[in-house]
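Coordinate-derived values only; no laboratory data. Everything numeric here is computed off the predicted structure, so don't read it as measured data. Backbone-built Cβ (ideal geometry, glycine too); neighbour counts: all protein chains shown.
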Amino acid sequence: MSGRTEARKIRPGPRQQRALDAMGVQVWVPRAGQAAAAPAVPAPEAASPSIPVQTGEPPSAAVPCAASGPTGWTELRAEVAACTRCELHRTRTQAVFGTGSEQARWLVIGEAPGADEDRQGEPFVGRAGQLLTEMLRAVGLSREQVFIANILKCRPPENRDPKPEEAKSCESYLQRQIALLQPRLILAVGRIAAQNLLQVETPIGQLRGRAHAWGPAQIPVVVTYHPAYLLRSPGQKARAWDDLCLARSIVAPV
Ligand code: URA
């Protein structure tokens, strides 16, 4: 099976158009009767090994779930809050578990808390977080309708990249979050999130533009740019919009 899924361009409604404007994206849609000039999703710069794509109904085989039900979340939250598995617990203000709906169809995964997140205990609350909120709004979603988590639950000092051993220490927390949530789609934002989740070292440019699959349930994973990168490189926002269109074409977010 080809690892590529073409996104259908979404003609934005008035509310979406406002969200796209806020995100700083100009969307070109074909005039009536006119074919789109270019594929909606730019081809990855180079072919990388294709990973099975899950595009249809949700997998019947659920992710193995040791602790499902309401208590599973409560226990997991408590464990994360008290975690001392790696050195980052010494410098954190608090662990950042994640936020959003425990019934969400989309799980958004970022890298690690930054200074604002460490202070407030919530992921993506700084400037990058505001842009993420606009990105979600552009596909008709509020933050409350998705679940947002990170690869690392604690802030690395000076916002450095997570160390492999830190990601490893934190891995089972994210796996348990996924098992509890059973999302229909995972949106990995940024290289660190994508590479850690998919356990690859492929550059992000080659991970974008197609669906990957995660875990035994083959949950579709779409990779997009990190909003902090988009703040530095606003010219890439149109590509991020393509990624969101791809994700939405695979699994309707609500
Ligand atoms: N960047 C991330 O990847 N995660 C956050 O929670 C905040 C900024």
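Taking all Cα-Cα distances within region 172-254, those exceeding 22 Å account for 23%. From most to least packed by mean Cβ count within 10 Å, the peptides 179-185, 73-79, 223-229 give 223-229, 179-185, 73-79. Fully extending the segment from Arg119 to Thr84 would add 10.8 nm, taking 0.36 nm per residue of separation and subtracting the current Cα-Cα distance. As a proxy for reagent exposure, ranking Cys83, Cys245, Cys154, Cys170 by other Cβ atoms within 10 Å from fewest up yields Cys83, Cys245, Cys170, Cys154.
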